[in-house]
Every structure is written in C-alpha cells, then in structure tokens.
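Quick notes on the structure that follows.
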Ligand SMILES: [Fe+2]
C-alpha cells in the first residue's frame, strides 16, 4: 500500500511515513536501487483525498530523443549509480538515515535501456541516481538534473487525476513518475504492485555487474 494511513489513522504531516511518501514525489523509476529492478508498476486508487494527489508520468524515450547532443554524448555509454538513501536525503536527513533506506549496496545500471522487442532506446534514470561512473559527483549530479529536467518538461508529462478504482500500468524501463502532494490531514491510499524485470526484458543489457 502507498498510504498515509496506518492502523492508528492518518499519519501526521511531519511523520517519517509522510516524508517517505514525499520521496515518491521526486521524479523516479521504481526499484533502481535493487539488484532486480521493476519492469512495470500497477497502481490502483483505493482511497482518495478531496483534491490533488495526482500521479504524473513522463516518457524517457521521448526525453532521451530530445536531449541536446552534449548530454546525449555524456549519457550514451554512461553507467549511473543508484542509492535509495540518496533520494530520501533530498527530503530529510533523518529519513535517509533509517536502516531500511540503507539495506542495499550502491547499484550501477547502464544509462540507456533498449527495449528488446522494439529496439527503442530510453534513458534509465531516477531520483535515486547519485553519480555517473568516471565523473565527479557534482558534475554527475548536474548532468542527471539537466537530463531529468528535459525528460519532465511540462509538454512531456501526463498528469493522472485519480478516480477511485482507476488503474495505471506503465513501463518502468521508459518512464519517470512522481506523486503529487495532497492535504495530509486526509487519507490517500493506492495499491502498488511492481513486477520485476528479467533478462528477456533487456535487463541483461543494462546490467553492469
Ligand atoms: Fe514509484
């Protein structure tokens, strides 16, 4: 469940639970910090607030195609390093320090994921990406931020305004997504299922180690 409700009711707006949900409001791809990342996410609206709380999606296939030549050159054969606590540190140092945010070693993936069925290339990027192999941390973050900004420019973003029971399914290899804020004194609960990517989905080509 992706929710601000526990058995005790709605979590406080400044709680770690809500802060973790705010981590999902950074543009990301699911599970890039895991040894086996997600292929698709299936999201179902269960309980909705009176306003806001949308989910937004942006194609990193069109984003990659639209990157200027300089960024494409830097990313074409790049290896990006991912770490869950990196994205959480953008929300709160306390959140990032939780053991659950530091369970996995840093995870490298090649920056371009080619769909083996169609041959289409997409930029495999996420808020969890903290470094580019062989590049200084600061410069790497600048490249990652610039590429994310182009992928998520307003005319490349779909905003889904939820109705109860709606289902969204997307290809994690070629999309960035994020949640949007809502009035935190109201409950919002989505069911989320991530299916793992397999070598047949192109994982073997982006795997580094
Ligand atoms: Fe997500």
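Just one residue in the set 147, 200, 126 is at pLDDT 95 or above and loosely packed, with under 15 Cβ neighbours inside 10 Å; that residue is 200.
It is to be established whether one or more residues within the range 109-127 are in contact (Cβ under 8 Å) with a residue 40 or more places away in the chain and farther than 20 Å from residue 171 by Cα. No: the range 109-127 contains no residue that is in contact (Cβ under 8 Å) with a residue 40 or more places away in the chain and farther than 20 Å from residue 171 by Cα. Identify, please: which residue in the range 159-180 is more than 15 Å from the ligand (Cβ to nearest atom) and surrounded by 12 or more Cβ atoms within 10 Å (Cβ to Cβ) and is, among those, nearest to residue 115 (Cα to Cα)? The residue in question is 166. Residue check: residue 144 meets all listed conditions (1) within 16 Å of the ligand (Cβ to nearest atom); (2) in contact (Cβ under 8 Å) with a residue 60 or more places away in the chain; (3) not in a strand (DSSP E or B) but one, namely (1).
Residue pairs whose Cβ atoms lie under 9 Å apart, separated by 6 or more positions or on different chains, with the first residue in the range 178-203 and free of Cβ contacts under 8 Å to residues at least 12 places away in the same chain and the second more than 12 Å from the ligand (Cβ to nearest atom), are 199/205; 199/207.
The values are calculated or read from the model by the stated rules, or taken from the named source; none is laboratory data. Since the model is a prediction, treat every value here as computed from it, not as a measurement. Here the Cβ is made from the backbone with ideal geometry for all residues, glycine too, and neighbour counts use every protein chain on show.
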